[in-house]
1. When the residues of the range 151-165 are narrowed to those that are part of a loop (DSSP other than H, G, I, E, B) and surrounded by fewer than 14 Cβ atoms within 10 Å (Cβ to Cβ), which ends up modelled with the highest pLDDT?
2. Does any residue of the range 87-94 turn out to be of a type outside the set (D, E, K, R) and more than 14 Å from Met161 (Cα to Cα)?
3. Suppose we keep only residues that are of a type in the set (A, V, I, L, M, F, W, C) and surrounded by fewer than 17 Cβ atoms within 10 Å (Cβ to Cβ) within the range 129-150. Which one would you say is farthest from the chain's Cα centre (by Cα)?
4. Report, by residue number, each residue of the range 19-44 that is crowded, with 17+ Cβ neighbours inside 10 Å, under 19 Å from Val162 (Cα atoms) and not aliphatic (A, V, I, L, M).
5. Quick one: Asp72 ticks every box in (1) assigned to a helix (DSSP H, G or I); (2) in contact with a strand residue (DSSP E or B) (Cβ under 7 Å, 6 or more places away or on another chain); (3) surrounded by fewer than 18 Cβ atoms within 10 Å (Cβ to Cβ); (4) not assigned by TED's automatic domain parsing to the domain that holds Arg32 bar one, so which box is it?
6. Say we look at the range 16-67 and pick out the residues that are within 15 Å of the chain's Cα centre (by Cα) and in a loop (DSSP other than H, G, I, E, B); which of these is farthest from Leu93 (Cα to Cα)?
7. Considering the range 110-128 alone, what residues qualify as being out of contact with any helix residue (DSSP H, G or I) (no Cβ under 9 Å at 6 or more places or on another chain) and either surrounded by 15 or more Cβ atoms within 10 Å (Cβ to Cβ) or assigned to a strand (DSSP E or B) (or both)?
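The values are calculated or read from the model by the stated rules, or taken from the named source; none is laboratory data. Given the structure is predicted, the values throughout are model-derived calculations rather than measurements. Please note: Cβ atoms are built from the backbone with ideal geometry, for glycine as well, and neighbour counts cover all protein chains shown.
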Amino acid sequence: MDQTKHTEQHTLVALVEDKPGVLNKVASMFRRRGFNIASLAVGNSEQPGLSRMTFAVNGDEYTVGQVVKQLDKLIDVIEVADITSERIVTRELALLKVKTTPMNRGEIIQTVNLFRANIIDVGSESMVIEITGEEDKINALHNLLSAFGIIEMLRTGLVAMVRGQANGMANGHDGQVNGQS
């Protein structure tokens, strides 16, 4: 087997306590280790008092494994897992503001419809488009709309979930926070 360091994008999920300062502690751990977060999304989980973080990070298997171990040591982190090799569903949301003219508006609308995206705002010289999907789909729409002129773009970052009954966590967290019911 090849023992060289192979850098690839990894998808990590963490279940963390939903309280002030947790995101800062997690980000500080990444900073101290000199590790870049390519994408980060945080939101409420299905369990009251807990949030779920999804990270996209680039690195080799060993380095990402070390990051997972360091995250797991943080007191506010209940559980963390690298779900890269699992069967997962990933999505990202993007908003793109595109320059429009009366001449190109129809072509932009056709392009948006091909991608099953939504036009959520129309102005006299611009249009705001919302697209949800995998990174490649969003990149492809961005590339096509670039010809018209992208005024502004915002991407949420990747969210990911393991397919099927599994929740992506090694221990299948049972709703207890630090041993409490």
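1. Step one: of the range 151-165, the residues part of a loop (DSSP other than H, G, I, E, B) are 156-158, 163-165.
Those still in the list that are surrounded by fewer than 14 Cβ atoms within 10 Å (Cβ to Cβ) too: 163-165.
Values: Arg163: 90, Gly164: 85, Gln165: 74.
The qualifying residue modelled with the highest pLDDT is Arg163.
2. Step one: filter the range 87-94 for residues of a type outside the set (D, E, K, R), giving 88-90, 93-94.
Those left that are additionally more than 14 Å from Met161 (Cα to Cα): 93-94.
Checking the range 87-94: at least one residue is of a type outside the set (D, E, K, R) and more than 14 Å from Met161 (Cα to Cα).
3. Within the range 129-150, the first condition is being of a type in the set (A, V, I, L, M, F, W, C), and the residues that meet it are 129, 131, 138, 140-141, 144-145, 147-148, 150.
Applying the additional criterion that residues be surrounded by fewer than 17 Cβ atoms within 10 Å (Cβ to Cβ) yields 140, 144, 147, 150.
On the way: Ala140: 17, Leu144: 22, Ala147: 26, Ile150: 22 Å.
Filtering the range 129-150 for residues that are of a type in the set (A, V, I, L, M, F, W, C) and surrounded by fewer than 17 Cβ atoms within 10 Å (Cβ to Cβ), the one farthest from the chain's Cα centre (by Cα) comes out as Ala147.
4. Residue satisfying the conditions is Ser39 alone.
5. Only one criterion in (1) assigned to a helix (DSSP H, G or I); (2) in contact with a strand residue (DSSP E or B) (Cβ under 7 Å, 6 or more places away or on another chain); (3) surrounded by fewer than 18 Cβ atoms within 10 Å (Cβ to Cβ); (4) not assigned by TED's automatic domain parsing to the domain that holds Arg32 is unmet by Asp72, namely (4).
6. This residue is Asn36.
7. Within the range 110-128, Ile120, Asp121, Ser126, Val128 qualify.
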